[in-house]
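The values are calculated or read from the model by the stated rules, or taken from the named source; none is laboratory data. Computed from a predicted model, the values in this text were never measured in an experiment. So basically every Cβ, Gly included, is an ideal-geometry build from the backbone, and we count neighbours across all protein chains shown. Remember, those area values only see protein heavy atoms, side chains included, never the ligands or the DNA or RNA. Shrake-Rupley method; radii C 1.70, N 1.55, O 1.52, S 1.80 Å.
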Amino acid sequence: MNPSKTAQVMSILVKDGIVRSKDLREMGIHQEYLRLLSNQGQIVRSGRGIYTLPDRDLTENQSLIEASIRVPHGIICLLSALRFHNLTTQNPFEVWQAIAQDARPPKDDLIPLRIVYMSEKTRTSGIETHLIANIPVPIFNVPKTVADCFKYRNKIGHDVALEALRDCWRERRCTMDELWHYAKICRVTNVMRPYLESLTLI
């Protein structure tokens, strides 16, 4: 074993808090180094191909990283997106992800996930890619997330959708045109109309 490569793995973990075996392979570092460090108790496997330091609790954003690596075709949505955008007091223990209607969810339970199936147009609209620890994580933007909350209000609660709408408007996180745009895509214009109209009176 090459001590410099072991040190390189640990350096990445100290800096980013998480490392993927895929990234190490691209850097020419064999997976055996991860196995060795894991056996020594210096790192822990927290997901498929995902390793962290044993004394480091996963932050909310690191759980989003894990979910995005585990389900690369998934988009962070609803409660997890609201939490990321600081638009809710909810603290979901599951990571909410949107996937295509004909896609298969992961079979294992390495990461607590809440899968939401969306149509192609709904799933591919309003996506932002955020770099978290240098790993791209797709997340629905603020107005799309608010519209999704009204569409899936039976899953997350009508009060959560209203809270998200009021907070994003009060903090000027999006425009009325953006909210209407995504309300149309999500087919919830009739549901959102009275609340959107009331905002213009504030």
Take residue 170 and decide whether it is open to solvent by 30 Å² or more (accessible area, probe 1.4 Å), basic (Lys, Arg) and modelled with pLDDT under 95. yes
Candidates 134, 154, 141, filtered to the one that is without any contact (Cβ under 8 Å) to a residue 60 or more places away in the chain and within 20 Å of the chain's Cα centre (by Cα): 141
Restricting attention to the range 176-202, which residues are open to solvent by 50 Å² or more (accessible area, probe 1.4 Å), touching a residue at least 24 places away in the same chain (Cβ under 8 Å) and not in a helix (DSSP H, G or I)? 187, 200, 202
Only one of 64, 110, 58, 131 is at pLDDT 85 or above, under 26 Å from residue 23 (Cα atoms) and surrounded by fewer than 19 Cβ atoms within 10 Å (Cβ to Cβ); which? 131
Looking only at the range 81-95, which residues are touching a strand residue (DSSP E or B) at 6+ places or on another chain (Cβ under 7 Å) and either on the phi > 0 side of the Ramachandran plot or open to solvent by 10 Å² or more (accessible area, probe 1.4 Å) (or both)? 84, 94
In the range 143-157, is there at least one residue being at pLDDT below 95, part of a helix (DSSP H, G or I), acidic (Asp, Glu) and crowded, with 17+ Cβ neighbours inside 10 Å? no
Residue 7 fails exactly one of (1) surrounded by 15 or more Cβ atoms within 10 Å (Cβ to Cβ); (2) part of a helix (DSSP H, G or I), namely (1)
